[in-house]
Ligand code: HEC
């Protein structure tokens, strides 16, 4: 069935603008935009990581300068140079096309139509009976893949559209599942840790039973065309996913994945008082109360949904947080305020908005610095003994700056310089550092991860992986503390197979330690996303460009080994670690 029909596409895209372009360019601008630009500039050009490219925003700008930006990129921002793909005429044509573009695609989220896309892939209850797992995640049958489901770490292989499950006590890849284009996030059900969920950018929500052998997918539903956020209620009853397109969120039963309610955001008021569609960005659950927080990216609001009440009403609507809301994390103050504050990045206003679940109002705006574009990823929240304060940190996308603030009080405590813009700051109980990537920095720097001391707030160590060797470096003296072989190897090809447990397709994992020939022209490793694993002993760092995940010792930063034969890994998620992190 065509998704457009299912989701009620109101009108087809207009071809008029494309035909009006002069010059010698043969580029299909709409297609190119969808493939290469939309991820940053938004499906309806309204901006996100990238700037607003709607005609109204571009009208006052010089077309030649805009074309030059496309060809050469823009220094110290995420805007890449496209001269390898665009000729001068292509760039000029693209600017014309953008300036004439009309939004004729109006999508509205419709619960009934989403419900029609629900698919059962395996019998959830039969699997639970045959392969019992207790509430603590211990497998109660012989021959399981792990002892406890919390030993499992998820990884996403972005460009291969795969979700992987890894035994994080050994680094062995257990299974690899087809779960929709560019899997974005995976989360677990904290009340029933055998159930896990993933959302792909292509709008596919999939539920897995990681307690059964082979971690089968058990159900899936198409919640939209472009999706990002995902959260599960701590009572284990509900899962909610957020869409960019059609704008809105879909709340489902966490045991069956059946959609129960749709929150349409196709007509909401934005910070300039205009009515229009808003994408849904960050979503979080909280241990603080029976709430989901849902951030409206373009409208600058956060909704608070109470899932304990009939029909799951919106019980709070906090406006004017900022422009272009993006990702979020919760504070981890010990005691009764644990998870009380929803900290949401506003990339259009360069701040973190602090929403209080208790008062259902804005508690503060933490300004992260001009053009800083905060992007916390999973974020970091820890107690600093020296200051006697709970601290929180985000990365900045445009330049290397980790911004640290206190909760409550909400004052900035420090900005720590790193080697370049980053996407993720991660920490855990068993590491003395917050680990910040520099993945949006220049290529000569995006192979570094900076380890910032949680007490002194200074960078102690740097992990730097070159084309042949990796190094752990003392940040102050520059001394190399450890060096390891980082030779890049070809992937061993495998063929898709059908699962025996579920109605899904799998890519078989390659046996540990096996790899193909040495890569002739190694690429610059691009490191991102540090995640504690193996009960805190290890930290996993994904390597986007080399197709492997590095395993490091959390206490020392020392390299241990690589998990190889993957395609563009961009994210890992340790079930055990996230059990203690609110809203994750
Ligand atoms: C990785 C993210 C990213 C991608 C992908 C991306 N851009 Fe950008 N783009 C940006 C950012 C960030 C800026 C804003 C830079 C700044 O702050 O000055 C920008 C700026 C621009 C501008 C200048 C806008 C202005 O108002 O000055 C144009 C034009 C543009 N992008 C076009 C494109 C096109 C066309 C593509 C696809 C071929 C593309 N971008 C892909 C991130 C991206």
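Observations
- Flag for residue 125 being away from the ligand (no atom under 16 Å from the Cβ), at pLDDT 95 or above, in contact with a strand residue (DSSP E or B) (Cβ under 8 Å, 6 or more places away or on another chain) and farther than 28 Å from residue 228 by Cβ: no
- Filtered residue count, the range 99-147, keeping only those that are surrounded by fewer than 19 Cβ atoms within 10 Å (Cβ to Cβ) and farther than 26 Å from residue 258 by Cα: 13
- Count - residues of the range 15-49 that are modelled with pLDDT of 85 or more and within 14 Å of the ligand (Cβ to nearest atom): 15
- Selection within the range 461-489 - under 27 Å from the mean Cα position of the chain (by Cα) and surrounded by fewer than 16 Cβ atoms within 10 Å (Cβ to Cβ): 466, 467
- Some residue of the range 527-548 being within 16 Å of residue 434 (Cα to Cα), surrounded by 24 or more Cβ atoms within 10 Å (Cβ to Cβ) and in contact with a helix residue (DSSP H, G or I) (Cβ under 6 Å, 6 or more places away or on another chain): yes
Listed here are the residues, each with its yes/no results for (1) at negative phi; (2) more than 21 Å from the chain's Cα centre (by Cα); (3) part of a strand (DSSP E or B).
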site	(1), (2), (3)
552	yes, yes, yes
567	yes, no, no
572	yes, no, yes
577	yes, no, no
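- Residues that are in contact with a helix residue (DSSP H, G or I) (Cβ under 9 Å, 6 or more places away or on another chain) and over 30 Å from residue 376 (Cβ atoms) number at least 1 in the following helices (runs of 4 or more DSSP H) confined to the range 22-91: 29-32, 55-58, 63-72.
- Taking each residue of the range 371-397 that is part of a loop (DSSP other than H, G, I, E, B) and looking for partners that are more than 16 Å from the ligand (Cβ to nearest atom) with beta-carbon atoms closer than 8 Å, six or more apart or interchain, yields 372/403; 385/455; 386/455; 386/456; 387/406; 387/413.
- The single condition among (1) modelled with pLDDT under 95; (2) assigned to a strand (DSSP E or B); (3) surrounded by fewer than 21 Cβ atoms within 10 Å (Cβ to Cβ) that residue 261 does not meet is (1).
The values are calculated or read from the model by the stated rules, or taken from the named source; none is laboratory data. What you see is a predicted model, and the numbers here were worked out from it, not measured in a lab. Cβ sites come from the backbone with ideal geometry, for glycine too, and all protein chains shown count toward neighbours.
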